[in-house]
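Remarks on the structure that follows.
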Amino acid sequence: MGKLSNSTGVALFFTAAVIAGWSQARGQAASELMPMQQIPKNYDTWSLFLVCNPSWIVENGDRGIADLFRAYKAFGQAIGPKNLAIWFWKEPAMSPTMDNTDINRMSEYCQKYQLTPSDTPQVVATTRHPDDAELGDRVVANLNGNASNSAHALTDLADQLLKTGLNQSGLDNGDRWRRVATAGSAALSSVACYFNKVSISIKTSVLNAEISHSSDHSC
């Protein structure tokens with residue numbers, strides 16, 4: 001897992017770097033990787049956006065990918081400059097499409113983190129570099145919906161992360177994961193129907209929890 005294969009032809013663009021001015025104006029670290037470069041080190045956490053079910057791409061199309069990508073940029077901003085949010089491309093582009101989103105590269109991490117394809121799209125946040133052999137502490141947000149619902153859920157989760165102060169510097173791992181759990185619980189307490197299938201799995205040394213939406217209302 002340490003090196004990217006030639007057949008993959010991956011370009012990794014970090015969500016904070018898609019529009020450099022947008023990122024820098026808010027103090028977010030802007031990073032951009034060209035094809036064949038590895039995921040950088042020296043971050044507190046890495047958050048990978050993953051579509052583990054190729055049929056989701058087909059069903060939602062270019063517009064769905066773009067909607068979800070915009071929500072993911074907001075998520076990347078919410079987690080702060082020492083926590084890197086990652087989007088996988090096949091080649092550089094102004095916006096994501098079905099053709100330039102690298103599903104093959106995503107699937108490698110879907111398998112590594114043993115994600116369920118039917119729960120796609122998913123965001124995996126980990127304190128261990130994604131290419132390390134050990135998985136390390138991690139949180140998985142299973143958005144489990146179409147593009148519109150997933151984008152709404154991810155945006156609301158990003159709002160809650162900001163409210164908990166997760167983007168502050170100097171947090172230790174225990175404090176960081178507790179804030180993630182607080183944000184997840186607050187987001188999933190919403191009566192919004194787009195949370196009905198969303199769940200969050202937290203597997204860390206200080207906290208293990210499964211949080212799901214309580215759908216006690218009709219949608």
query: Name the residues in region 124-166 that are among the acidic types (D, E) and over 22 Å from A66 (Cα atoms), would you?
result: D131, D132, E134, D137
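Residues being in contact with a helix residue (DSSP H, G or I) (Cβ under 8 Å, 6 or more places away or on another chain) and either without any contact (Cβ under 8 Å) to a residue 40 or more places away in the chain or of a type outside the set (A, V, I, L, M) (or both): count how many of those fall in region 172-192. Spell out the reasoning first.
Within region 172-192, the first condition is being in contact with a helix residue (DSSP H, G or I) (Cβ under 8 Å, 6 or more places away or on another chain), and the residues that meet it are 179-180, 182-184, 186-188, 190, 192.
Restricting the remaining residues to those that are either without any contact (Cβ under 8 Å) to a residue 40 or more places away in the chain or of a type outside the set (A, V, I, L, M) (or both) gives 179, 182-184, 186-188, 190.
Summing the residues that are in contact with a helix residue (DSSP H, G or I) (Cβ under 8 Å, 6 or more places away or on another chain) and either without any contact (Cβ under 8 Å) to a residue 40 or more places away in the chain or of a type outside the set (A, V, I, L, M) (or both) in region 172-192 gives 8.
Restricting attention to region 83-122, report how many residues are part of a loop (DSSP other than H, G, I, E, B), among the polar types (S, T, N, Q) and under 13 Å from the mean Cα position of the chain (by Cα).
Our first condition is that a residue be part of a loop (DSSP other than H, G, I, E, B); within region 83-122, this holds for 90-100, 102, 113-116, 120-121.
Imposing the further condition that a residue be among the polar types (S, T, N, Q) reduces the set to 95, 97, 100, 114, 116, 120.
Adding the requirement that they be under 13 Å from the mean Cα position of the chain (by Cα) leaves 120.
Total meeting the criteria: 1.
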- line: Within region 73-91, of all residues that are at pLDDT 80 or above and of a type in the set (F, W, Y), the one farthest from D137 (Cα to Cα) is W89
message: Every residue in region 197-219 that is at pLDDT below 80, part of a loop (DSSP other than H, G, I, E, B) and under 18 Å from A153 (Cβ atoms), please.
response: H213, S214, S215, D216, H217, C219
task: Could you check how many residues of region 67-109 are out of contact with any His (no Cβ under 8 Å at 6 or more places or on another chain), within 16 Å of W56 (Cβ to Cβ), surrounded by 21 or more Cβ atoms within 10 Å (Cβ to Cβ) and of a type in the set (A, V, I, L, M, F, W, C)?
output: 4
Test set (1) modelled with pLDDT of 85 or more; (2) more than 18 Å from A209 (Cβ to Cβ); (3) in contact with an Asp or Glu (Cβ under 6 Å, 6 or more places away or on another chain) - N144 fails condition number: (2)
query: Any idea which of (1) surrounded by 14 or more Cβ atoms within 10 Å (Cβ to Cβ); (2) modelled with pLDDT under 85; (3) in a loop (DSSP other than H, G, I, E, B) is the one C52 doesn't satisfy?
result: (2)
message: Here are the criteria: (1) of a type in the set (D, E, K, R); (2) over 17 Å from the mean Cα position of the chain (by Cα); (3) modelled with pLDDT under 80. Tell me which single one D159 does not satisfy.
response: (2)
query: For region 167-175, does any single residue satisfy the condition of being in a helix (DSSP H, G or I) and of a type outside the set (S, T, N, Q)?
result: yes
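The values are calculated or read from the model by the stated rules, or taken from the named source; none is laboratory data. Just so we're clear, the structure is a prediction, and the values are computed from it rather than from any experiment. As a convention, Cβ positions derive from the backbone with ideal geometry for all residues, glycine included, and neighbour counts pool all protein chains shown.
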